[in-house]
1. Under the Kirkwood approximation for Rh and a Cα-based Rg, what ratio Rg/Rh is obtained for region 43-102?
2. Listed here are the pairs LYS52/LYS89; LYS52/LYS80; LYS87/LYS107; which of them are more than 23 Å apart at the Cα?
3. Taking the Cβ of ALA30 as the centre, find all other residues whose Cβ is under 13 Å away and add up their charges (Lys, Arg: +1; Asp, Glu: -1).
4. Can you work out the Karplus-derived ³J(HN,Hα) for every residue in region 56-61? Use 6.51 cos²θ - 1.76 cosθ + 1.60 with θ = phi - 60°, whole Hz, and x for glycine or proline.
5. Excluding residues fewer than 8 places away in the same chain, name every one of the aspartates and glutamates whose C-alpha is closer than 19 Å to that of LYS65.
Amino acid sequence: MSKSIRFHGALAAVILLAGAVGFAQSSGEATYKAKCQSCHGAEGTPNPGIAKAMGVKPVSDPSIKSMSEAQMIAVTETGKGRMPAYKGKLTDAQIKDSVDYFRSLGK
């Protein structure tokens, strides 16, 4: 097998793997935008009217930043206050990916 074929095969594998990683990030963002953004805001900061009326805190709030991934997943699954429960409405992967995306907004 020539070096050129091996190089191009390896390059194709790297491109495919990079695309798969990007897709996982995109699916969390897509789920967040579809299910969470209307209350939590595009950048993790709700508009003041929503924040006041529904008690939604920004991702930068210390009480939110201190939550573990498992705690955020549990809240997303079971709901809290006016936030609806998403267990059974979203897959476990969609919930985890959207939580990961939300957490990334606070970094």
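No lab work stands behind these numbers, since they all come straight from the coordinates. Since this is a predicted model, take the numbers as computed values, not measurements. Here the Cβ positions follow ideal geometry from the backbone for every residue, glycine too, while neighbour counts run over all protein chains shown.
1. 0.96
2. Working: LYS52/LYS89 27 Å; LYS52/LYS80 15 Å; LYS87/LYS107 26 Å.
Pairs exceeding 23 Å: LYS52/LYS89; LYS87/LYS107.
3. Its environment carries a net charge of -1.
4. 7, 9, x, 4, 7, 5
5. List returned: GLU29, GLU43, GLU77, ASP97, ASP100.
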